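Okay, structure first, notes after.
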Amino acid sequence: MVQTLGCQMNVHDSRRIHEVLRHQGYEETDAVELADLILVNTCSVREKAEHKLMSLLGRLRPLKEARRDVVLGVAGCVAQQEGERLLKKVPYLDLVLGPDNIPDLPALLADVDAGRRRSLTVFDLDSPRFLAAAPDPAQPEITSFVTVMKGCDERCTYCIVPTTRGAERYRQADEIVAEVSALARGGVREVTLLGQTVNSWYEPGVSRPGLRAPSESAFAELLRRIAHEVPELLRLRYTSPHPRHITPELVQAHAELDLLPAHVHLPAQSGSDAVLKRMSRRYTQREYLERAHALKSARPGFTLSTDLIVGFPGETEEDFLGTLELVREAGFVAAFCFKYSPRPGTPALALGDDVSEELKQERLARLFEVVAEQQSAHLRSLVGTEVEVLVTARGDDGRWEGRSQRHEKVHVELGPTHTVMGELVRVRVAQAFDHSLLALGEGGRLTPPRRHLPVAEEQPA
Ligand code: SAH
Ligand code: SF4
Ligand code: F3S
């Protein structure tokens, strides 16, 4: 059993862990009492996430004590952060596994079987390994992740990720395109390219463009290459982009490539220049908004969502009002909002944690209110319009479920029809809920899989 906490990187890593274990003859179970191996893939981005792990381990303790042969392991970012220390802190733990050490899992499990508790948390800095996602015929996927870079060199002052995921390492374009292509041929319809600052991607071994010459963008080229070389793919997303790598070429790619959705999740963190500077985000409110508006004008109906932090050290009421202003000006249709949480070893620790819990809570609530209002106004504005939904699930109520071209969650009611799983359906929005839409298919009008290449261009042979 693998339990996943944290972000998409962990969701993706957990799939790779499953794959490695399947090759070892393991089968996944949802029943904790049946499991011979329990692996928790952890997150440490905020203190709360770390607490979650500790309480989960506490709950697993009686089980481990009753059945000594059960192997209990911790993977992911807390594993990387704590290493050996975690084995000392949690005496009933058998295994600690860093995010770059998933391929070493079989050898570590053999050691554990031989009675040795093991910890391996070594970054693969010299020859980075990017585990490819082989399509699994037994569990066909409609959407999938593909890693293009790992680690982070940005060092935003509040963030632990550069410690838990290490220095930036980039993957060869040929390897990325080959993986996307194999997935698409295996039936995957939507790929999300993954990286902590995904749009800073450049071809390893080639001198780095983009830093001083924002008119160059290797990432936009990568998107174009995938669009041209993988005609089976219906959608190509990426997460998380950093605002300072939103180049004119990337905006242009959004304008030209139908394959890219009309939506980007672009973390802003704050709307106050003073706070952004202390966070070391390297853009101002104005620069963020310029890039946001450029993206939004690339395509009609383009939307943005974001991540925001309240209560960063020294944040005044005026700073916070700057964040509210940014939310309104950028017109975010969704946002993940967090209270600042001091993390071990981060530069922001030196700034103290001077915004009281009460004030953080109050600002969070005010922020939620503005975001929720914008979200529901946006969803209401879509009633009566047509959306293109990539169908990825069917609910218990018989309704199909999927995401629109802008990433809104859509429940789809079709008349009697054959399965539309994995297909794009064009439907009309009938009703808006708080966080999703209901659309009716009028007897199930299906769009044929569309070509996303400009008509004049030739398909690669
Ligand atoms: N690489 C991504 C985000 C990784 S962490 C990016 O740069 O966009 C996901 C989100 O967690 C961040 O965007 C930030 O909003 C939040 N976060 C990170 N560290 C935090 C901290 N110490 N306290 C509160 N929120 C934090
Ligand atoms: Fe953390 Fe900043 Fe890197 Fe994102 S860009 S992972 S917030 S240091
Ligand atoms: Fe992701 Fe959490 Fe690690 S957000 S990178 S799992 S610290």
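The values are calculated or read from the model by the stated rules, or taken from the named source; none is laboratory data. A quick note: this is a predicted structure, and the numbers were derived from the prediction, not measured. For neighbour counting, all protein chains shown are included, and Cβ atoms are generated from backbone atoms with ideal geometry for every residue, glycine included.
List the pairs whose first member sits in segment 245-257 and is charged (D, E, K, R), whose second member is outside any helix (DSSP H, G or I), and whose Cβ atoms are under 8 Å apart, counting only residues at least 6 apart or on separate chains?
Hits for this filter: Glu249/Ser215; Glu249/Glu216; Glu249/Ser217; Glu256/Pro454.
Kindly indicate whether any position in segment 148-170 is more than 16 Å from ligand 2 (Cβ to nearest atom) and of a type outside the set (A, V, I, L, M).
no
Kindly check whether there is at least one residue in segment 261-273 that is crowded, with 17+ Cβ neighbours inside 10 Å and at pLDDT below 95.
Yes, there is a match, as at least one residue in segment 261-273 is crowded, with 17+ Cβ neighbours inside 10 Å and at pLDDT below 95.
What are the residues in segment 34-62 that are of a type in the set (Gly, Ala, Ser) and touching a strand residue (DSSP E or B) at 6+ places or on another chain (Cβ under 8 Å), if any? Can you show your working first?
From segment 34-62, those of a type in the set (Gly, Ala, Ser) are 35, 44, 49, 55, 58; that's our starting set.
Within segment 34-62, just Ala49 meets the criteria.
Mind checking which residues of segment 314-326 are small (Gly, Ala, Ser) and not in a loop (DSSP other than H, G, I, E, B)?
Hit for segment 314-326 is Gly322, nothing else.
Any idea which of (1) more than 16 Å from ligand 2 (Cβ to nearest atom); (2) out of contact with any strand residue (DSSP E or B) (no Cβ under 7 Å at 6 or more places or on another chain) is the one Arg291 doesn't satisfy?
(1)
Only one of these conditions is not met by Glu47: (1) more than 16 Å from ligand 2 (Cβ to nearest atom); (2) surrounded by 12 or more Cβ atoms within 10 Å (Cβ to Cβ). Which number is it?
(1)
Enumerate the pairs (first residue in segment 351-366 and of a type outside the set (Asp, Glu); second residue anywhere and in a helix (DSSP H, G or I)) with beta-carbon separation below 7 Å, excluding pairs fewer than 6 apart on the same chain, so at least 6 apart or on different chains.
Qualifying pairs under 7 Å: Leu351/Arg278; Arg363/Phe320.
For segment 96-113, state whether one or more residues are within 14 Å of Thr164 (Cα to Cα), polar (S, T, N, Q) and in contact with a strand residue (DSSP E or B) (Cβ under 9 Å, 6 or more places away or on another chain).
Applying the first criterion (within 14 Å of Thr164 (Cα to Cα)) to segment 96-113 yields 96-101.
After this cut, where a residue has to be polar (S, T, N, Q) as well, the list is 101.
Narrowing the set further to residues that are in contact with a strand residue (DSSP E or B) (Cβ under 9 Å, 6 or more places away or on another chain) leaves 101.
The answer is yes, given that some residue of segment 96-113 is within 14 Å of Thr164 (Cα to Cα), polar (S, T, N, Q) and in contact with a strand residue (DSSP E or B) (Cβ under 9 Å, 6 or more places away or on another chain).
Scan segment 346-354 and give yes if some residue there is within 21 Å of Glu154 (Cα to Cα), part of a loop (DSSP other than H, G, I, E, B) and either of a type in the set (Ser, Thr, Tyr) or within 16 Å of ligand 3 (Cβ to nearest atom) (or both), otherwise no.
yes
Specify the residue that is nearest to ligand 1 (Cβ to nearest atom); the eligible residues are those in segment 1-43 that are closer than 21 Å to His265 by Cβ and either in contact with a Cys (Cβ under 8 Å, 6 or more places away or on another chain) or not in a helix (DSSP H, G or I) (or both).
For segment 1-43, the residue satisfying everything is Cys7.
The rows are residues; the columns are (1) surrounded by fewer than 19 Cβ atoms within 10 Å (Cβ to Cβ); (2) farther than 21 Å from Thr42 by Cα; (3) not acidic (Asp, Glu).
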site	(1), (2), (3)
Leu95	no, no, yes
Leu108	no, no, yes
Leu131	yes, no, yes
Cys156	no, no, yes
Pro162	yes, no, yes
Ala173	no, yes, yes
Ile176	no, yes, yes
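Let me confirm something: among Asp30, Asp69, which residue is under 21 Å from Gln139 (Cβ atoms) and loosely packed, with under 12 Cβ neighbours inside 10 Å?
Being under 21 Å from Gln139 (Cβ atoms) and loosely packed, with under 12 Cβ neighbours inside 10 Å holds for just one of Asp30, Asp69, which is Asp30.
Yes/no matrix, rows are residues, columns are (1) in contact (Cβ under 8 Å) with a residue 60 or more places away in the chain; (2) more than 22 Å from the chain's Cα centre (by Cα); (3) closer than 17 Å to Gly352 by Cβ; (4) not in a loop (DSSP other than H, G, I, E, B):
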residue: Arg278; (1), (2), (3), (4): yes, yes, yes, yes
residue: Arg281; (1), (2), (3), (4): yes, no, no, no
residue: Tyr288; (1), (2), (3), (4): no, no, no, yes
residue: Arg291; (1), (2), (3), (4): no, no, no, yes
residue: Leu295; (1), (2), (3), (4): no, no, no, yes
residue: Arg299; (1), (2), (3), (4): no, yes, no, no
residue: Phe312; (1), (2), (3), (4): yes, yes, yes, no
residue: Arg328; (1), (2), (3), (4): no, yes, no, yes
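Cβ-Cβ distance below 7 Å, separation of 6 or more or different chains: which pairs start in segment 148-160 with a residue that is closer than 17 Å to Pro342 by Cα and within 7 Å of ligand 1 (Cβ to nearest atom) and end on one that is part of a loop (DSSP other than H, G, I, E, B) and aliphatic (A, V, I, L, M)?
Ile160/Val45
Which of (1) within 16 Å of ligand 1 (Cβ to nearest atom); (2) buried (at least 19 other Cβ atoms within 10 Å of the Cβ) does Lys339 not meet, given it meets every other one?
(2)
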